[in-house]
Amino acid sequence: MPPQQLFGIFKAMTDILNAFPTTIPEALKRAAVDFPDRGIGIFDGRGRRFERRTYPQFLESATETAARIATLGLQPREPVIIALPTSWEWLDAWWGVLLSGHWPVAASGAGAIAASESQFDKVNAIMGKLKCRRVISSPGFRQQALEHGHHWAQDRVLTLEEIGQLTPQPGFRPIKGKSEETAFLQLTSGSTGIPRAVMISHLGALHNAVASSNAIGIPQGAPAHQWAQSMVSWLPLYHDMGLIGCLMLPITTGLDAWLLRPPTFLARPKLWLEQLGCHGTTFVPSPNFGYQLAVERIRPGQLDGVDLSNWKAALTGAEMIRPETVNAFCDAFGPYGFDPRAFMPCYGLAEATLAVTFDTRGEGVRTLPKPLGTDTGYGLTEIVSNGGPIDSTEVVIRAPNGRDLDQGHIGEVCIKGPGVFDGYYLDEQATSATLSDGWFQTGDLGFLTDGELYLTGRTKDVLIVHGNNLMPDELERLADRVTGGGGLMRSAAFSIATGAQGEQAVLVVETAQTEVESLERLEQEIRSQIGRQIGLPLADVVFVKRGRIPRTSSGKMQRAEIRQSYIDGNL
Amino acid sequence: MTMKETALAVIAKVSGKDPEALVPDAELVANLGMDSAKALELLVELEDQLEIEILDEDAAKLNTVGDILAFVDRLSS
């Protein structure tokens, strides 16, 4: 190991020991005291205006909201769902719930177009699963939920305006929290279509934020003129990369952060890079999809006058990193000063709080050719290095029999460290299936070479489209509702990937129908259901004879096999 | 061009579909292959080209080409 790297590790460890706030309330308090001029700016829905609050202002308004939430009569540690778009309302609600001794649970807000029944079904299902009674959201959410027949919304949905009218609890003091205790719940997709709630401790969240900033090279509390000046993000705050990477990280390091709503970015990707240029931004995280969208949608000349040369860390993670995207992005934005070495691959997941590995070499994206005889199934010919584990975190590759594999061999990625979650809340079965002795089985496949992690695929059936995780069941249920499978699973959903587009959804449906006309009608209805409920266009719908979808002897559908047949053209 | 014609031109441009495909029943996601990014691009283009503002509550009800045309109709009447 080069001496410089050793020094880096030593420095990181002493930094953590000396400067590490151990609870989330303490972290926000420190930000207010140590970085009184810095803060967070949040753009409105169209990305035209922003409201910036400094860390002391942020602390003050969150504490006020907490003093009001404290009068609601919630049980200690009762989960409260937050379903709002990225806004100061979101931050006040999330922090207000946490500072009053309850567990915030961020859920995705209403879709920007074609909001659907399934949104309200989902929030209702989460409430049932987590045994919680309150959703903090907007008046529009309540009204639409009621229009869709969700009567619970009348009493259970609270708006920030209503909370603002409550009398604050006299003499209220925010909780101090204990570092090892659960601080909040983070939703991640679950196998039944109902999300699982990952329990994250104060320590896990802060360790991950601090270790990530060390890996990226953001000095703790650096003066504003040093390289870590600011961050711009469009990532949703209900996603781990948004919540930890774009909120906890700025708070623990005292960065200035600028937040765009995801829909705003999707509608106008150019705003993202414009903001980056105008704040001299140095640090930006995004899944591959964000970089791809910028390449496809920003036309030559549209960024004239924008300077991207301050951009030191372009994090890319949360889905498969595609070398085609990276190259196209460098070609398109090199003329604006973008340095290809800024690309920093990383790997993480909600069950690890966020980050597991970072490529800290500062050489941009590095790849190895796809190992001979392996089919990643994700259209990859080169595999990207995600770098090595962050501080105090271990990564091993395991065979299906639980044995650790040597370097270069593909197996399941297993992780251990302070950021690894405490379990899925009220879901002992899912917890014990994946977590034992502090080791979490990620369900991702990959190999290690020279201590660096390379991802090749996954064992779990999740589809990751545009950085969003979708369980196949969600699509299959909707399709089965259309075909009237009578409760039997008659369809299989999986993703394929070709070129830079990333993953796209394919649905295979068993049917006894053979007439072209009725099949066309069926396809239209299935596409329509999935389009309306999930907002996802299907790349392909294939009809097969009954019994064609392979199952195990216990009746479990084998999606990997049908997917392979589809790719091989054998359907 | 009327507002409706402009709206149709915008839908055709953003979706990349032939104008003949833009029947009133055509659904944005299912038939025109729009994902959430495309759908939002459409909203913003409609706002810019028609010089209107579409509130999120209204946008949430736009599922089909017909929905958009009816929405534009209400604005211009």
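Here, each number is a calculation from the coordinates, and none is a lab measurement. Note that this is a predicted model, so its numbers are computed, not measured. Neighbour counts run over all protein chains shown; Cβ positions are idealised from the backbone, glycine included.
Taken along the Cα-to-beta-carbon direction at a fixed 7 Å, the label points for B:A70 and A:Q154 span 2.7 nm. With θ taken as phi - 60° and the Karplus curve 6.51 cos²θ - 1.76 cosθ + 1.60 applied, the whole-hertz 3J(HN,Hα) list for segment A:57-64 is 5, 4, 4, 5, 6, 5, 5, 4 Hz, x standing for glycine and proline. For segment B:19-77 versus segment A:137-209, the inter-centroid distance based on Cα atoms is 32 Å.
In this structure the amide hydrogen of A:S201, modeled in the peptide plane, comes within under 5 Å of the amide hydrogens of A:A183, A:D422, none closer than 5 places in sequence on its chain.
Each DSSP beta bridge with both residues in the protein assembly as shown is either parallel or antiparallel, and the antiparallel ones are about 65%. Helical runs assigned H by DSSP (4 residues or longer) give the protein assembly as shown a calculated mean residue ellipticity at 222 nm of -11000 deg cm²/dmol, each run adding -39500 (n - 2.57) before division by the residue total. Could you pull out the pairs from B:K17/B:K38; A:K460/A:K556; A:K129/A:K416 whose alpha carbons sit more than 19 Å apart here? Beyond 19 Å between Cα atoms: A:K129/A:K416.
Give the shape of segment A:395-456 as rounded, prolate or oblate, defined through the alpha-carbon gyration tensor: a ≥ b ≥ c are the square roots of its eigenvalues, a/c under 1.5 means rounded, and otherwise the shape is prolate if a/b is larger than b/c and oblate if not. Prolate is the answer for segment A:395-456, as a/c is 1.5 or above and a/b outweighs b/c. Under a 5 Å amide H cut-off, with hydrogens placed 1.01 Å from N, A:L187 pairs with A:A106, A:V198 among residues at least 5 apart or on other chains. Derived scalar couplings between HN and Hα for segment A:511-517 equal 8, 8, 5, 10, 5, 4, 5 Hz in order, rounded to whole Hz, by the Karplus curve 6.51 cos²θ - 1.76 cosθ + 1.60 (θ = phi - 60°), x for Gly and Pro. Once the Cβ-Cβ distance of B:D25 and A:T71 is raised to the sixth power relative to R0 = 56 Å, the FRET efficiency obtained is 0.65. Shown is the FRET efficiency for A:D307 and A:T459, computed with R0 = 51 Å from the Cβ-Cβ distance and rounded to the nearest 0.05: 0.70. Most simply put, segment A:250-398 has about 55% antiparallel DSSP beta bridges, counting only bridges with both residues inside it. Given their separation in residues at 0.36 nm each and the Cα-Cα distance between them, A:D540 and A:R341 gain 67.9 nm when the chain is fully extended. Per-residue 3J(HN,Hα) values for segment A:446-459, derived from phi via the Karplus relation 6.51 cos²θ - 1.76 cosθ + 1.60 with θ = phi - 60°, read x, 9, 10, 9, 6, x, 10, 9, 10, 9, 10, x, 8, 8 Hz in sequence order (x marks Gly and Pro).
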